[in-house]
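This report concerns only the one structure given below.
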Amino acid sequence: MSCALVTGASRGLGRAIAVQLAKDHGLHILVNYSSNQAAADETLAEINSNGGTGELLQFNVQTKTEVDDALNAWREANPEKYISVLVNNAGVTRDGLFMWMPEKDWDDVMNISTKGLFNVTQNAIQQMLRKRSGRIVNIASVSGMKGVAGQTNYSAAKGAIVAATKALAQEVAKRKITVNAVAPGFITSDMTKDLNEDELKQMIPMNRFGKPDEVAHLVSFLCSDKAAYITGEVVNINGGIYS
Ligand code: NAP
């Protein structure tokens, strides 16, 4: 049975992506989360209420042993299932001016985004390589494309994701695994709930924040058979704020 692993699927974009992948592709969804089990349960309930299936898989993406233990145990317990789609979505912001940025804020953002991508992808890709098929979508950000003041850590982390996407895509293309990135602008979620939307939307040509569903449809397309020849690509989804 084909499965999709979505990291950080308890809330926001990750939840919308998990629900959409179940709806569009009938994939069994592994709903990863870090600490918010109640929210992850809500994601699973939404998948189930649309006729889909899934299960929760808790691990902290930044800790390699935790990732390997969780995924290896799951694989052992589910020999008939395999992860054909991986969405590296887990991410956090710790905004602040660089000159005063605590080292921990740099490390947390880098470790969850970039080390997390390494940990989860390196585990999940082994079986894709053997099966000679797979889809990997990495959630980057407009911050990683243009750089955003007050987000040097986050811009660095997301820029690294963009570059890693392009490099890995070339390594695994022969095995029919595609690796792409999606770079959202301002999307309504817990991550952006404290921002001044009325002020910020004036800078956005579409004059509004995006919705998690809109990102989920793009990710779902990149995970489809129709997107078989798209790899190493970064797709902006930002209402026109940057291209
Ligand atoms: P969010 O609402 O804050 O949700 C973050 C998700 O990541 C939660 O499910 C959280 O799990 C999970 N997570 C955090 N740290 C984790 C860790 N160490 N291990 C595993 N899971 C972890 O964020 P969002 O807005 O949906 O953002 C999702 C992704 O899109 C992020 O990579 C973000 O950088 C990117 N993005 C967002 C926007 C935007 O405007 N919202 C724009 C561009 C890019 P818990 O619930 O357990 O805490």
Query - Residues of region 147-195 classified as assigned to a loop (DSSP other than H, G, I, E, B) and not basic (Lys, Arg), total - result: 11
Query raised in the report: Does region 121-141 contain any residue that is more than 27 Å from Asn72 (Cα to Cα) and at pLDDT 95 or above?
Result: yes
Report summary line: The condition of being free of Cβ contacts under 8 Å to residues at least 60 places away in the same chain, within 13 Å of the ligand (Cβ to nearest atom), open to solvent by 10 Å² or more (accessible area, probe 1.4 Å) and within 17 Å of the chain's Cα centre (by Cα) holds, among Gln37, Gln58, only for Gln58
Query raised in the report: Of the residues that sit in region 124-142 and are within 13 Å of the ligand (Cβ to nearest atom) and more than 15 Å from Val179 (Cβ to Cβ), which one is surrounded by the most Cβ atoms within 10 Å (Cβ to Cβ)?
Result: Ser141
Report task. Give the residue, chosen from Lys193, Lys166, that is open to solvent by 40 Å² or more (accessible area, probe 1.4 Å) and away from the ligand (no atom under 16 Å from the Cβ). Result -> Lys166
Query - Residues (open to solvent by 80 Å² or more (accessible area, probe 1.4 Å) and polar (S, T, N, Q)) located in region 197-243 - result: Gln202, Asn207, Ser243
Query raised in the report: What residue, of Asn32, Asn48, is away from the ligand (no atom under 15 Å from the Cβ), over 20 Å from Ser155 (Cα atoms) and either outside any loop (DSSP other than H, G, I, E, B) or open to solvent by 20 Å² or more (accessible area, probe 1.4 Å) (or both)?
Result: Asn48
Report summary line: For region 199-224, pairs from a residue that is part of a helix (DSSP H, G or I) to a residue that is among the small types (Gly, Ala, Ser) and within 14 Å of the ligand (Cβ to nearest atom), with Cβ under 7 Å and 6 or more apart or across chains, are Pro212/Gly12; Pro212/Ala16; Pro212/Ser189; Asp213/Ala16; Val215/Ala16; Ala216/Ala16
Report summary line: For region 1-29, the count of residues that are under 22 Å from Met191 (Cα atoms) and either within 12 Å of the ligand (Cβ to nearest atom) or of a type in the set (Gly, Ala, Ser) (or both) equals 14
**Report entry** Residues (aliphatic (A, V, I, L, M) and exposed (fewer than 15 other Cβ atoms within 10 Å of the Cβ)) located in region 67-123
**Finding:** Ala73, Ala77, Leu97, Met99
Query raised in the report: Would it be correct to say that Thr114 is within 14 Å of the ligand (Cβ to nearest atom) and touching a residue at least 40 places away in the same chain (Cβ under 8 Å)?
Result: yes
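The values are calculated or read from the model by the stated rules, or taken from the named source; none is laboratory data. In this text the structure is predicted, and so the values were computed from the model without any measurement. Backbone-built Cβ (ideal geometry, glycine too); neighbour counts: all protein chains shown. For the accessible areas, the whole protein counts, side chains as well, though only heavy atoms, and no ligand, DNA or RNA atoms are used. Shrake-Rupley method; radii C 1.70, N 1.55, O 1.52, S 1.80 Å.
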